[in-house]
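Notes to accompany the following structure.
The values are calculated or read from the model by the stated rules, or taken from the named source; none is laboratory data. The model shown is predicted, which means the values in this text are computed figures rather than measured ones. Don't worry about glycine lacking a Cβ; one is built from the backbone with ideal geometry, like all the others, and counts go over all protein chains shown. Ligands, DNA and RNA are stripped out before the accessible areas are found, and what is left, the full protein with its side chains, is counted by its heavy atoms. Shrake-Rupley method; radii C 1.70, N 1.55, O 1.52, S 1.80 Å.
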Amino acid sequence: MLMKGKRLLIAALAIATPLMVGTASAQDKGLISIIVNDSSNPYWFTEGEVAKKTAEELGYQAHVSSHVGDTNKESNQVDTAITNQAKAIILDPANADGSIGAVRKAVNAGIPVFIVNAEINQQGLAKAQFVSNNAQGAAIGAQQWVESVGDEANYVELKGAPSDNNAATRSNGFETVLSQYPDLTRVAGDVANWDRTQGYNKMQSMLQANPDIQGVISGNDEMALGAIAALKESGRLDGVVVGGFDGSPDAIEAIKSGELAYTVLQPVAIFAEEAVRLADTFINTGETGLENEKKLFNCILVTQDNVDKYSSPFVLDQ
């Protein structure tokens with residue numbers, strides 16, 4: 001399902017390529033370097049492709065690279081952007097603290113940095129930080145999870161990478177809602193680093209120790225889909241409610257099939273485009289026009305009730 005989603009997105013981009021190439025060659029406004037986390041994940045793949053498409057439409061060359069959560073690799077990619085005299089860097093940081101040095105290095109070289117998706121723990125370096133409202137998303141997801149599983153259940157939680165502030169924000173948001181129900185008991189939780197394979201492996205281990213569960217709440221869709229695979233393999237998916245977070249194409253298919261109760265869509269296609277357009281504004285005017293460096297984008301709950309409004313990767317028609 002992941003490859004199918006990628007092929008559809010690539011095909012759509014390919015149709016627009018001749019127009020984009022013509023625009024870029026006519027204007028030749030320089031390079032925008034786009035650094036994402038892991039392009040094998042559909043969320044970050046979409047983030048990079050939308051940013052690239054937008055940059056090319058605006059007349060820039062665009063290059064997308066992935067650091068896969070490695071701050072050393074990220075630092076080298078920033079060095080490459082500096083060497084190539086990038087006009088701006090769009091960065092999904094590898095680590096809330098560990099990426100600050102790379103951002104500072106780019107800024108000291110005169111290259112403005114625009115953060116997307118995951119924030120850094122320092123204000124005043126990046127020109128902007130565009131992130132999903134993870135607290136709001138976690139709250140609506142947890143509320144839907146309770147509606148699906150009921151107010152009495154044993155459940156497990158799959159968490160994202162500790163280096164990413166989003167992981168803690170979502171987990172804390174889940175807890176804020178679920179702690180209001182004294183008969184909901186979290187019997188286990190583990191870090192699966194946003195990864196489907198790790199979600200599968202961690203779910204297998206938690207099932208062995210806790211076979212009597214009624215729910216799984218997950219910090220992203222990839223981990224949730226891994227959990228579903230483990231539950232199916234063990235013959236325990238029926239009667240277990242699984243909730244996700246991201247709004248990936250594979251999660252949408254799992255909702256349609258009834259295997260996933262819901263996902264919380266992050267509007268990555270929107271803020272990836274807005275970050276590039278803001279970079280263009282800053283390059284042209286020296287100003288962003290923002291009142292605050294950090295801008296939150298609200299998430300959207302996707303269930304069987306509205307899943308048919310999902311029109312393209314990480315886009316839900318309102």
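Quick notes
- Taking GluC sites (Glu not before Pro) across the range 65-169, the ones in a DSSP loop with at most 13 further Cβ atoms lying within 10 angstrom of their Cβ are E152.
- Counted residue by residue at 0.36 nm each, then reduced by the alpha carbon distance between them, the extension gain from D97 to Y181 reaches 26.8 nm.
- Sites N298 and V107 - FRET efficiency at Förster radius 22 Å, r taken between beta-carbons, to 0.05: 0.15
- From the coordinates shown, P(r) over Cα pairs in 10 Å bins from 0, in percent corresponds to which of [x] 5, 15, 21, 23, 18, 10, 5, 2, 1, 0, 0; [y] 6, 24, 27, 17, 9, 8, 6, 2, 0; [z] 6, 27, 32, 22, 10, 3, 0: [z]
- For the range 134-265, with all protein chains in place and a probe radius of 1.4 Å, 42% of the accessible heavy-atom surface sits on carbon or sulfur.
- Here r is the Cβ-Cβ distance between N201 and S311 and R0 is 35 Å; the resulting FRET efficiency, rounded to 0.05, is 0.55.
- Taking 0.36 nm per residue of separation and subtracting the Cα-Cα distance, full extension of the segment from T83 to S40 would add 12.8 nm.
- Estimated inter-spin distance, D212 and V68, nm [label 7 Å along Cα→Cβ]: 4.2 nm
- Solvent-accessible heavy-atom area per residue, rounded to whole Å², over the range 169-210 at 1.4 Å: 53 Å²
- Once the Cα-Cα distance is subtracted from the 0.36 nm per residue extended length, the A168 to S234 segment shows a gain of 20.8 nm.
- Per residue of the chain, the DSSP helices (runs of n ≥ 4 H) give a summed -39500 (n - 2.57) that works out to -15000 deg cm²/dmol at 222 nm.
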